[in-house]
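Student: Handing you a structure now.
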Amino acid sequence: MKFFKKSDLLVISVILAVGIIIWILYQCIYTDKAPIAEIYYYSELVETVSLDKGTDRKFSIPQEPNVIFHLDREGRICFEESDCPDKVCINTGKLNKVGQFAACLPNGIVLKIVSQEKNNDDVDIVVGN
Amino acid sequence: MQNIKNLNKTQLMVLTGLIFASALVLSLIESMLPPLPIPVPGVKFGLSNIAVMYCLFFLGEKQAYIIAILKATFVFITRGLIAGALSLSGGILSITVMFLLLLLLKERISYLVISIFGAVFHNIGQFIVIILIYVGMNMWVYLPVLLLSGVVAGIVTSTLLRFILPALKRLV
């Protein structure tokens, strides 16, 4: 068995192409509606934040005061501070696109960006006619 | 697969234990590296996959599964239930996919591609668990990133394995 074959390049480009196609499709389906951020504490929705531009504030949820969220002027939200050991949640960075999420698993907190429309899963349904 | 011949039960057990230990050391080293500046949770090289791949290629799939289960147990003890479940599902799915590729394509596939598929499916396995735990998660945004990071991780781990292989061969 060889370490590398020329046909491997084909396999790699197919994988990357699939990735790019999914990304483009996603960008087409979820265009820029003003998104909202949902904060879950152990799978329970505890707070919804509207990602408006122009406000700059820091806040935390009552269940876990050691975790501080930051909503910046551009309408992006991120984990600012956390007492977890790995800091994966902070390194995830700023979120502003529908479907992005950041999780702080040690604290059981998930920050998730969803579309403003209530039924997020029903975007494909055409009403009328 | 060029299985190492003439190992008795004890030798195989000792060797599996040594490889498991090196998998733990590799993941420890990886956790000490500075985090990659990528805005997606959980993207990493998965250096311990080097040990798992060596096991799968040269000792057989049973030993590779044992290492994945032991590693998940270790993660469960040190980092909790969710981290353990993530490790277990990623490890098992990745080994299963790599094993099936080896079984179906035999000599026609290269180590590089197997390694890439292993890394991609490790990511996918972890994401399946995240989706199950946190309902309503939208995976499609992250799938492109997971595919890309899987390709990079696969190239890195298989290249490293290639250079470490002579040293590992001296182990036996």
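Student: Report whether or not B:Leu105 is modelled with pLDDT of 85 or more, in a helix (DSSP H, G or I), surrounded by fewer than 18 Cβ atoms within 10 Å (Cβ to Cβ) and not small (Gly, Ala, Ser).
Tutor: Working: modelled with pLDDT of 85 or more: yes; in a helix (DSSP H, G or I): yes; surrounded by fewer than 18 Cβ atoms within 10 Å (Cβ to Cβ): yes; not small (Gly, Ala, Ser): yes.
When the stated conditions are applied, B:Leu105 passes them.
Student: Consider region B:63-79. How many of its residues are at pLDDT 90 or above and either surrounded by 22 or more Cβ atoms within 10 Å (Cβ to Cβ) or among the basic types (Lys, Arg) (or both)?
Tutor: Counting residues in region B:63-79 that are at pLDDT 90 or above and either surrounded by 22 or more Cβ atoms within 10 Å (Cβ to Cβ) or among the basic types (Lys, Arg) (or both) gives 4.
Student: Give region B:105-122 a look and list any residue that's among the hydrophobic types (A, V, I, L, M, F, W, C) and on the phi > 0 side of the Ramachandran plot, or say none. Working first, answer last.
Tutor: Start the filter on region B:105-122 by keeping residues that are among the hydrophobic types (A, V, I, L, M, F, W, C), which leaves B:105, B:109, B:112-114, B:116-117, B:119-121.
The answer is none; no residue qualifies.
Student: Among (1) modelled with pLDDT of 90 or more; (2) within 12 Å of the chain's Cα centre (by Cα), there is one condition B:Asn49 misses while meeting the rest; what is its number?
Tutor: Here B:Asn49 clears every test but (1).
Student: Kindly provide the set of residues from region A:67-80 that are within 20 Å of A:Glu44 (Cα to Cα) and open to solvent by 10 Å² or more (accessible area, probe 1.4 Å), ordered by number. Walk me through how you get there before you give the answer.
Tutor: Within region A:67-80, the first condition is being within 20 Å of A:Glu44 (Cα to Cα), and the residues that meet it are A:67-69, A:77-79.
The answer is A:Ile68, A:Cys78.
Student: If the Cβ limit is 7 Å and pairs must be 6+ apart or interchain, which residue in region A:1-24 that is facing chain B (nearest Cβ under 7 Å) pairs with which residue that is basic (Lys, Arg) and open to solvent by 60 Å² or more (accessible area, probe 1.4 Å)?
Tutor: Pairs that qualify, where the first residue is facing chain B (nearest Cβ under 7 Å) and the partner is basic (Lys, Arg) and open to solvent by 60 Å² or more (accessible area, probe 1.4 Å), are A:Phe3/B:Arg162.
Student: All but one of (1) over 15 Å from A:Leu95 (Cα atoms); (2) open to solvent by 40 Å² or more (accessible area, probe 1.4 Å); (3) among the acidic types (Asp, Glu); (4) in contact with a helix residue (DSSP H, G or I) (Cβ under 8 Å, 6 or more places away or on another chain) hold for A:Glu64; which doesn't?
Tutor: In the conditions (1) over 15 Å from A:Leu95 (Cα atoms); (2) open to solvent by 40 Å² or more (accessible area, probe 1.4 Å); (3) among the acidic types (Asp, Glu); (4) in contact with a helix residue (DSSP H, G or I) (Cβ under 8 Å, 6 or more places away or on another chain), A:Glu64 misses (2) alone.
Student: Which one is modelled with the highest pLDDT, of the residues in region B:34-46 that are of a type in the set (A, V, I, L, M, F, W, C) and open to solvent by 20 Å² or more (accessible area, probe 1.4 Å)? Before you say what the answer is, go through the steps one by one.
Tutor: From region B:34-46, those of a type in the set (A, V, I, L, M, F, W, C) are B:36, B:38, B:40, B:43, B:45; that's our starting set.
Filter again for open to solvent by 20 Å² or more (accessible area, probe 1.4 Å), leaving B:36, B:38, B:43, B:45.
Working: B:Leu36: 65, B:Ile38: 60, B:Val43: 69, B:Phe45: 77.
Only one residue fits best here, namely B:Phe45.
The values are calculated or read from the model by the stated rules, or taken from the named source; none is laboratory data. Just so we're clear, the structure is a prediction, and the values are computed from it rather than from any experiment. As a convention, Cβ positions derive from the backbone with ideal geometry for all residues, glycine included, and neighbour counts pool all protein chains shown. Please note that ligands, DNA and RNA were not included when accessible areas were found on the heavy atoms of the full protein model with its side chains. Shrake-Rupley method; radii C 1.70, N 1.55, O 1.52, S 1.80 Å.
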